[in-house]
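Step one of this worksheet: look at the structure below.
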Amino acid sequence: MVFKFRLLSHEIKDFVRDIEIRSNQTFYDFHKAIQDDLNYDSAQIASFYQTNQLWEKEKEFTLFDMSDVPNNITVAMDRARLRDFVKDPKQRLIYIFDFFNARGLNIELIDTQEEVRYFDYPAVVFSKGASPQQILFGNKDLGSIVGDVNSAFNFQDQYDEGAKEGLPGEIDTNEDEGVSDEVSGEVSEFDDDDDDSSEFIDEGDENSRE
């Protein structure tokens, strides 16, 4: 399965990114896709937060494994597969990229697809607007990105441009069956390999340890 997420910024009104990512990939894969697309410095700390529909934080996914920290309830990004935590068809996330000022992107799951359309995932399938500056210095009141119902984003209707056509790496469904079968075989093999969840933490396992 492929998840399609929309990323919006409350700082830059015309900023939007649509990213498709396989459900068996990790939050770290998602993090890298965002960092690469926005040309951010990967040396900076970042976290994902799973939230409710009011953007109130519920679970944190960190860059570093903090399992040895007493009373830790976070999950390392590279040990958390999306499909183990993204259960709500409108799942919301916050991606914090500037911890100094608590700045980030608001993310919502806007679609799920059974078919694989690209050779490489994650894939940025729609891009509009300049990237928010990664780190801001000085005391600037940018408002809050959590819990503000009055400024809620409209993920479904605000942008209707859809995905770009003919993206690099897109699978051409008009090619001969030999090529299509070859791609399908690679995908199936990838899925089978990832079915071994021993290296990952799922929500049930984590809750049992809390």
Query - Residue order, fewest to most surrounding Cβ atoms within 10 angstrom, among 120, 37 - result: 120, 37
Report task. Find out how many positive minus negative residues lie around residue 77, taking Lys and Arg as positive, Asp and Glu as negative, among other residues whose Cβ is under 13 Å from that of residue 77. Result -> -1
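Counting other Cβ atoms within 10 Å, which GluC sites (Glu not before Pro) in the stretch 92-133 have at most 11 and lie in a DSSP loop? Don't jump to the answer; show the numbers that get you there.
On the way: sites: 108, 114, 115; in loops: 114, 115.
Those satisfying the criteria are 114, 115.
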Query raised in the report: Considering only the other residues whose Cβ falls under 9 Å of the Cβ of residue 113, what net charge follows from Lys and Arg at +1 and Asp and Glu at -1?
Result: -2
Report task. Please tell me which of these pairs span more than 25 angstrom C-alpha to C-alpha: 32/128; 57/128; 59/128; 32/90? Result -> 57/128; 59/128
Query - Sparse-neighbourhood loop sites, chymotrypsin sites (Phe, Trp or Tyr not before Pro) in the stretch 59-132 - DSSP loop, at most 14 other Cβ within 10 angstrom - result: 64, 99, 100, 119
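Laboratory data are not the source of any read-out in this text; all were calculated from the coordinates shown. Predicted, not measured: the structure shown is a model, and the values here were computed from it. Because the Cβ atoms are built from the backbone with ideal geometry, glycine has one as well, and the counts that use them run over all protein chains shown.
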